[in-house]
Amino acid sequence: MHSHTRNGAAYLAALSYAAILGFSFLFVKLTVTEASPLDVIAHRFALSFVTLTIPVLLGWIKISITRRDILRILPLALLSPLVYFPLQAFGLMSTSSSEGGIIQATVPIFTLLLASYFIKERTTGVQKISLLLSVFGVIFIFVMKSGASLASNSFGGIVLLVLSAVCLSGYNVLARPLTQRYSPMELTYVTSILGCIVFNLVALGYHAIDGSMSAYTAPLVKPDYWLALAYLGILSTLVTSMLSSFALKWIEASKMSVIGNLSTLISMMAGAYILREQLAYYHIIGAIMIIIGVLGTNFGGRKSFAPGQTTSANR
């Protein structure tokens with residue numbers, strides 16, 4: 001019963017993660033009209049860092065990490081957020097959001113390949129087919145939505161987006177053994193500190209060279225920007241990091257990453273209800289493919305190991 005409860009909590013965390021990401025596109029749209037992508041990322045991580053530091057300083061949250069622990073977690077922070085966010089932001093500057101969505105959908109495939117190679121996760125034939133079905137469901141929606149105009153003139157942008165997808169997959173795989181050693185809060189705190197320092201140094205350095213320091217602070221006087229920033233900095237950066245760390249402690253990386261595809265479904269529904277975007281037949285077909293794929297990947301396997309046990313945890 002105990003392991004079922006833990007697995008249930010892990011799946012709930014994974015679904016909450018997908019839901020938060022699904023709505024984040026609405027808030028990204030609100031911020032990029034007010035500030036450059038680099039400033040938005042810098043502000044996001046500054047806010048996450050401050051939000052998490054207050055309860056740590058007040059002693060409500062206990063964090064006990066040494067310099068050696070930080071070095072162990074550093075490769076995880078490098079993959080995401082330090083490399084993933086800039087690759088995605090600059091990739092999206094020269095490609096369409098449909099192309100971004102299609103490439104992001106391939107994360108479960110990269111995760112499956114990396115997880116089977118590096119941490120020896122095993123999947124059944126049914127799980128592999130289900131995972132591909134889910135990925136094709138996302139791709140189908142984006143291809144149909146954008147018509148035949150996908151021949152992007154930006155090969156460079158697509159390369160950056162593919163690299164960002166590989167980074168996120170690497171993060172899913174590398175986080176798995178680390179979640180056996182550190183709490184979700186510790187992993188989140190280290191990655192948010194590093195994200196805050198690096199992105200703010202880069203943003204401020206850029207503005208100092210450019211002589212545009214006022215552009216860094218200009219959006220911070222707008223209430224709408226703060227609303228979007230609160231969602232992105234607290235929910236979409238801080239909370240999702242904790243939820244994914246918690247989920248990866250109990251469920252395999254390949255299962256976790258395919259649940260992330262539900263965020264496409266959620267953003268599609270959010271677009272329909274909030275932005276009054278039209279839902280078409282291909283949205284429904286794609287949605288069915290995604291849902292069947294997610295269910296098949298997560299429940300179409302042989303009995304997996306006991307929760308929390310992973311072949312790489314004791315390396």
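The values are calculated or read from the model by the stated rules, or taken from the named source; none is laboratory data. This one's a predicted model, so the numbers in the text were calculated from it and none came from an experiment. In this analysis, Cβ positions are derived from the backbone assuming ideal geometry, glycine residues included, and neighbour counts consider all displayed protein chains. Note: areas computed on protein heavy atoms with side chains; ligands, DNA, RNA excluded. Shrake-Rupley method; radii C 1.70, N 1.55, O 1.52, S 1.80 Å.
A quick yes/no check of all residues on (1) surrounded by 13 or more Cβ atoms within 10 Å (Cβ to Cβ); (2) modelled with pLDDT of 70 or more; (3) under 23 Å from the mean Cα position of the chain (by Cα):
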site	(1), (2), (3)
HIS283	yes, yes, yes
MET289	yes, yes, yes
GLY293	yes, yes, yes
GLY300	yes, yes, no
ASN314	no, no, no
Return the pairs, sorted by first residue and then second, in which the second residue is polar (S, T, N, Q) and surrounded by 19 or more Cβ atoms within 10 Å (Cβ to Cβ), the first residue lies in the range 214-240 and is within 18 Å of ILE54 (Cα to Cα), the beta carbons are less than 6 Å apart, and the residues are 6+ apart or on different chains.
GLY233/SER48; THR237/SER48; LEU238/SER48
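Take ILE234 and decide whether it is at pLDDT 90 or above and more than 23 Å from THR31 (Cα to Cα).
no
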Among (1) open to solvent by 30 Å² or more (accessible area, probe 1.4 Å); (2) in contact (Cβ under 8 Å) with a residue 40 or more places away in the chain; (3) over 30 Å from GLY8 (Cβ atoms), where does ILE266 come up short?
(3)
